[in-house]
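Engineer: A single structure is presented below for examination.
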Amino acid sequence: MNLESFLDRVLNLKQKEGSYAVLAFLLFFCIFCSYSVLRPVRDTMGITSGVNSLQWLFTATFVVSFTIQIPYFYVLGKISRKIILPVVFSFFGANLLLFAYLMAHEIAPVITGRTFYVWLSVYNLAVISLGWSVLNDILKPSQSRRLFAIAASGSSAGSIIGPMITATAVKYTGIFPLILISLGFLALASVAVYFLFSIRSEQCDTDESSQSVNDYLKRRINGSILEGFLSTFKSRYLLMIAVFVILASTANTFLYFAQVRIIADSFADKSEQTFVFSVIDLIVNTATIILQLFITGRLADKFGLKPLIAVVPVLILICFVVLMFIPVLSVIVLAMIVRRVGEYALVRPGKEMLFSVVSLDEKYKSKNFIDTVIYRGGDVFSAFLTQGAEALGGMILSFATGAIMAIVWIINALYLSKLFTHKSQEKL
């Protein structure tokens, strides 16, 4: 057995999927390295602004996410899909250079910190969503069951290397060089996208012609800037995905606020806070990558979508119930680890599979609208819900509310998996 055959068996790949697997892994490795190098910096900036101001930073993130849809949809209809991601990456790269200058010269540090927190939150979802749109565009639904887990493992590997770089370098170099490192990974991700489209145009199945594939890849995304918004609310399937995203965001926000509050109280120094966030990221992504490489793809191939999107809400419900009785730092950190490992190893590949059965326009427009505006809208909703619950009944009421939302999430996931099955059968 040669190396290629061995890897195909270990990673559950089929013929001609090896190159896709490598490039998909590389794409998300670079995207997440770029983001995760800066994520601990963002969390530290959030603490600098004051924990009680986080809901307003979430609100600003939602507003910016919504506003940026207008130029995004405009550009989408003007350029080839092959260069959409590099163009968007170039825009965010220029933003990074501006932040590097402001931080290096300590210009308006509080305003710069708050702006950077909002910017990185927008950048995170926009770039990741677009990366998945490209992969959904290139791969067939049957391939997504096997390859999405490998792509997600690239994100986990990037999320491991990113915090390692930050935790190692921040005490010696400060924040400024981390921005330049992030920019370098962003450039490498653009190269991976170029080769993904090139390989797709060269590799054709027996039921495809080279001309039909190239015609498909040359097609631009047309329509009005409101199309992503309107199609989301016209389609029951897309609307249920939007609800799923809001509920997932709610679980994340409830636990995130609790984590930030306790870490802010436990560690006063910014470098120590950044170091703690980096270590948590490292633990989460080390556990995640094992599941993604060896479990998730096989699970999806054998049992379909349901276990990927329904198991995590059940685990989150259990975590919230436990936290109602044992609301201490170690349990909250453990709950965050469970939630994030479950999200990255199961929910994320499962959620991206949901878009494998929608139209091309919906893959780029509705998906981006859901992944950015709807997700950040869920952040705002859950941030104020968390603050309200804590004000009325402390963290116990907050965790009880989170448990109720987790129950709704379970119901939504089961219904959504049923809709996905019907749409998959219609595609056959």
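Engineer: Could you grab the pairs with beta carbons closer than 7 Å, sequence gap of 6+ or different chains, first residue in segment 130-156 and modelled with pLDDT under 85 and assigned to a helix (DSSP H, G or I), second one open to solvent by 10 Å² or more (accessible area, probe 1.4 Å) and acidic (Asp, Glu)?
Structural biologist: Arg145/Asp301; Arg146/Asp301
Engineer: Give the residues of segment 348-379 that are free of Cβ contacts under 8 Å to residues at least 24 places away in the same chain and assigned to a helix (DSSP H, G or I), sorted by residue number.
Structural biologist: none
Engineer: If only one of Ile332, Ile370 is open to solvent by less than 10 Å² (accessible area, probe 1.4 Å) and at pLDDT 85 or above, which one is it?
Structural biologist: The conditions single out Ile370.
Engineer: I want to confirm something. Restricting to segment 394-409 and keeping residues that are among the aliphatic types (A, V, I, L, M) and in contact with a Leu (Cβ under 7 Å, 6 or more places away or on another chain), which single residue is farthest from Ile318 (Cα to Cα)? First the steps, then the outcome.
Structural biologist: Step one: of segment 394-409, the residues among the aliphatic types (A, V, I, L, M) are 395-397, 400, 403-408.
Then keep just the ones that are in contact with a Leu (Cβ under 7 Å, 6 or more places away or on another chain); that gives 403, 405-408.
Values: Ala403: 8, Met405: 12, Ala406: 9, Ile407: 10, Val408: 14 Å.
Among those that are among the aliphatic types (A, V, I, L, M) and in contact with a Leu (Cβ under 7 Å, 6 or more places away or on another chain), it is Val408.
Engineer: In addition: Please name all residue pairs, on different chains or six or more residues apart, with Cβ atoms under 6 Å, provided the first residue is in segment 105-118 and is within 17 Å of Arg39 (Cα to Cα) and in contact (Cβ under 8 Å) with a residue 12 or more places away in the chain and the second residue is open to solvent by less than 10 Å² (accessible area, probe 1.4 Å) and among the polar types (S, T, N, Q).
Structural biologist: So the pair list comes out as Val118/Thr61.
Engineer: Give just the number: which of (1) at pLDDT below 75; (2) in contact with a helix residue (DSSP H, G or I) (Cβ under 6 Å, 6 or more places away or on another chain); (3) surrounded by fewer than 21 Cβ atoms within 10 Å (Cβ to Cβ); (4) under 24 Å from Gly93 (Cβ atoms) does Cys204 not satisfy?
Structural biologist: Of (1) at pLDDT below 75; (2) in contact with a helix residue (DSSP H, G or I) (Cβ under 6 Å, 6 or more places away or on another chain); (3) surrounded by fewer than 21 Cβ atoms within 10 Å (Cβ to Cβ); (4) under 24 Å from Gly93 (Cβ atoms), only one is false for Cys204: (4).
Engineer: Right, here's the next one. Does segment 175-190 hold any residues that are open to solvent by less than 10 Å² (accessible area, probe 1.4 Å) and of a type in the set (Ser, Thr, Tyr), and which are they?
Structural biologist: The answer is Ser182, and nothing else.
The values are calculated or read from the model by the stated rules, or taken from the named source; none is laboratory data. None of the values given here were measured: they were computed from a predicted structure. Cβ atoms come from the backbone with ideal geometry, glycine included; neighbour counts cover every protein chain shown. Calculation scope for accessible area: heavy atoms of the full protein, side chains included, ligands and nucleic acids excluded. Shrake-Rupley method; radii C 1.70, N 1.55, O 1.52, S 1.80 Å.
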